[in-house]
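Take a look at the structure below.
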Amino acid sequence: MKEGIRFIKDREGLAPLVALAFCTTLFGFSLTGFLPVIVRTVFHKGPETYELLLVFSGAGSICGALIVAAMEKLKGQARLAVLALFALGTTTAGFAISKWLALSWVLMFLAGAAVMASASLMLSLVQLIVADSMRGRVMSVYNLAFRAGIPLGAQSSAFQRRLRISERLW
């Protein structure tokens, strides 16, 4: 692990990719953690609506993965990853202010596509930058950063739910 961290620090452009992977899972994956609260408080619906939003997100993820898989190695892959992250942020913000269920379905689909495309593109970039001899060490650090954001983002959504419940009690 130490060698992987040292290599990431020394290699230009690698540390920002690892930080970006962490931030993507911290902020981008936590959207599904907020869905039960949003379905209940914004749309005044139940489990069926929650299920449909998850289906649209999953369908978008599959499409995002297929689009990235269909692309050949591009020179502008880093720009495309940043564009996908921008799309993720935009669709997440749009979903947060949306009051229309149909629009929210579309935004969940687009967010799913954006999160999968950005994650796939960033993973590909890391593997292209790293030398074969260091790939395993660097990928273990990258995966640790990528996966660490998921539970931390879920904790923020759990905190938000508890905060909403306590506000209702007062």
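Both numbers refer to the Cα atoms of the chain; Rg and Dmax are 17.7, 58 Å.
Taking a ≥ b ≥ c as the square roots of the Cα gyration tensor eigenvalues, region 80-149 comes out prolate, since a/c reaches at least 1.5 and a/b is larger than b/c. P(r) tail for region 26-110: Cα pairs beyond 22 Å make up 29% of the total.
Under a model in which nothing but the beta-carbon of Lys, Arg (+1) and Asp, Glu (-1) is charged, region 37-89 shows a dipole of about 240 debye around its Cα centre. Net length available on complete extension from residue 102 to residue 135 is 7.6 nm, with 0.36 nm assigned per residue and the Cα-Cα distance removed. Put a plus charge on the Cβ of each Lys and Arg, a minus charge on the Cβ of each Asp and Glu, and nothing anywhere else: the dipole of the chain about its Cα centre is then about 340 debye.
Every number here is computed from the coordinates shown, using simple stated rules; none is lab data. Bear in mind the structure is a predicted one, so any value in this text is a computation, not a measurement. Methodologically, a virtual Cβ is constructed for each residue, glycine included, from the backbone with ideal geometry; neighbour enumeration extends over all protein chains shown.
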